[in-house]
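Each remark here refers to the structure printed beneath this line.
We did not get these values from a lab; they are worked out from the coordinates using the rules stated. Treat the numbers as computed from the prediction; the structure is a model and nothing was measured. Here the Cβ is made from the backbone with ideal geometry for all residues, glycine too, and neighbour counts use every protein chain on show.
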Amino acid sequence: MNRKISKLFSLEGKVACITGASNGLGQEVASTLVENGARVIGIARNKNLLESWSQKTGCNAAYITSDLTDRNNIKKITTQISEFFGPPDILINAAGVNTREHADDVTFNNWDKTIELNLAAPFFIAQALVPNMKRKGWGRIVNFASLQSRRAFPSGLSYGASKGGVEQMTRAMAEAWSSKGITVNAIAPGFFPTNLTAAVFNNPKLSKKNAEQTCIGRNGKLEDLSGPILFLCSKASNYVTGQMLFVDGGFTVK
Ligand SMILES: NC(=O)c1ccc[n+]([C@@H]2O[C@H](COP(=O)([O-])OP(=O)(O)OC[C@H]3O[C@@H](n4cnc5c(N)ncnc54)[C@H](OP(=O)(O)O)[C@@H]3O)[C@@H](O)[C@H]2O)c1
């Protein structure tokens, strides 16, 4: 790769914290960041999956197990996070849940869990990590939004509400912190095969329909996120903030 370009996207010397690193898109992104020079702390509940990811990834990967639907845990982990490699320069909020209930069947419990994990945790973790980013005069926050930030899908009531919130929260976070050198953006993935979307990919007709809705003509592959995430986490995106980048093969333009 051209030397200037590789420097622009390098994460050498940066510390990143990623929620949802035990699986799916969060783990893919966590590995991409380590491969490109960052030291990474992954957060999720499943200790075995985090342990095997960190062993496979090497000494630049560490993890914390925590249930992020519990606000007391959020307070606890925000001090723990900095104990591994120092305070993070980058925060990626990838942990998420989709309870897939029809609007008629949404329960208080699932509503609360969805809003806590998808919307409240990203904000309160960011709020706790921002003071150190301000001191450094540099920071990157990337939230995970969704097609459902803009579109209504069947059985997506609480998920859609949380992801619509993520899009607007991203703009509000950018307004609050960008003047201190901290950019805040969101990635809105199309359909990628993970546990979260198993219900969709286990239905060949639906999966084909989603692929056909894209301009490119296929659903996402995990590695399709590497370029966009490196862009948003590196110097390459210095003047980009408050934006939502659809990584959806053109699903939303048709
Ligand atoms: N896959 C897609 O097509 C797609 C499309 C649009 C948006 N997204 C978004 O992308 C993000 C990643 O989704 P994914 O597809 O990778 O989902 P996934 O494979 O189901 O992974 C979800 C991650 O969140 C963690 N998590 C779930 N509940 C948690 C809790 N209570 N506390 C802490 N961590 C928790 C899970 O780890 P543990 O189970 O170990 O806790 C896991 O690491 C989500 O925000 C999702 O909404 C995905």
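Please verify whether Thr107 is of a type in the set (S, T, N, Q) and touching a strand residue (DSSP E or B) at 6+ places or on another chain (Cβ under 8 Å), treating the condition exactly as stated.
yes
Please state which one of Ser10, Ser22 is polar (S, T, N, Q) and either near the ligand (Cβ under 8 Å from one of its atoms) or surrounded by 20 or more Cβ atoms within 10 Å (Cβ to Cβ) (or both).
One residue alone meets the criteria, Ser22.
Failed condition for Asp89, given (1) acidic (Asp, Glu); (2) away from the ligand (no atom under 12 Å from the Cβ); (3) farther than 20 Å from Met173 by Cα, with all others met?
Exception for Asp89: condition (3).
Return only the number of the condition from (1) of a type in the set (Val, Ile, Thr); (2) away from the ligand (no atom under 13 Å from the Cβ); (3) surrounded by fewer than 23 Cβ atoms within 10 Å (Cβ to Cβ) that Ile41 does not satisfy.
So the condition that Ile41 fails would be (3).
How many residues does segment 98-131 contain that are under 19 Å from Ser179 (Cα atoms) and either in contact with a helix residue (DSSP H, G or I) (Cβ under 7 Å, 6 or more places away or on another chain) or within 14 Å of the ligand (Cβ to nearest atom) (or both)?
5
Got a number for residues in segment 166-186 being over 20 Å from Ile115 (Cα atoms), among the aliphatic types (A, V, I, L, M) and buried (at least 16 other Cβ atoms within 10 Å of the Cβ)?
Of segment 166-186, the ones over 20 Å from Ile115 (Cα atoms) are 174-183.
Going one step further and asking which of them are among the aliphatic types (A, V, I, L, M), we end up with 174, 176, 182.
Pick out the ones that are also buried (at least 16 other Cβ atoms within 10 Å of the Cβ) and you get 174, 182.
Here the count works out to 2.
With (1) surrounded by fewer than 18 Cβ atoms within 10 Å (Cβ to Cβ); (2) of a type in the set (Gly, Ala, Ser); (3) assigned to a strand (DSSP E or B) as the list, and Ser52 as the residue in question, which single condition is left unmet?
If we test Ser52 against (1) surrounded by fewer than 18 Cβ atoms within 10 Å (Cβ to Cβ); (2) of a type in the set (Gly, Ala, Ser); (3) assigned to a strand (DSSP E or B), just (3) comes out false.
Taking the residues in segment 173-202 that are in a loop (DSSP other than H, G, I, E, B) and within 14 Å of the ligand (Cβ to nearest atom) as candidates, determine which candidate is farthest from Ile90 (Cα to Cα).
Here the answer is Asn202.
Tally the residues that are among the aromatic types (Phe, Trp, Tyr) and in contact with a strand residue (DSSP E or B) (Cβ under 8 Å, 6 or more places away or on another chain), restricting the search to segment 112-166.
Residues in segment 112-166 being among the aromatic types (Phe, Trp, Tyr) and in contact with a strand residue (DSSP E or B) (Cβ under 8 Å, 6 or more places away or on another chain): 2 in total.
Go through (1) of a type outside the set (D, E, K, R); (2) crowded, with 21+ Cβ neighbours inside 10 Å; (3) within 16 Å of Ala120 (Cβ to Cβ) one by one and return the number of the condition Ser146 breaks.
If we test Ser146 against (1) of a type outside the set (D, E, K, R); (2) crowded, with 21+ Cβ neighbours inside 10 Å; (3) within 16 Å of Ala120 (Cβ to Cβ), just (3) comes out false.
Of everything in segment 65-76, what is buried (at least 20 other Cβ atoms within 10 Å of the Cβ) and not in a loop (DSSP other than H, G, I, E, B)? Give them in sequence order.
Ile74
All but one of (1) within 13 Å of the ligand (Cβ to nearest atom); (2) of a type in the set (Ser, Thr, Tyr); (3) within 18 Å of Ile141 (Cα to Cα) hold for Ser82, so report the exception by its number.
Single failed check for Ser82: (1).
Give Arg151, Arg140 a once-over and let me know the one that is in a strand (DSSP E or B) and either within 16 Å of the ligand (Cβ to nearest atom) or out of contact with any Leu (no Cβ under 6 Å at 6 or more places or on another chain) (or both).
Every option except Arg140 fails the conditions.
Output the qualifying pairs, or none if there are none: Cβ atoms under 7 angstrom, residues six or more apart or on different chains, first residue in segment 16-35 and in contact (Cβ under 8 Å) with a residue 12 or more places away in the chain and at positive phi, second residue near the ligand (Cβ under 9 Å from one of its atoms) and small (Gly, Ala, Ser).
Filtered contacts from segment 16-35: Gly20/Gly26; Gly20/Ala44; Gly20/Ala94; Gly20/Ala95; Gly20/Gly96.
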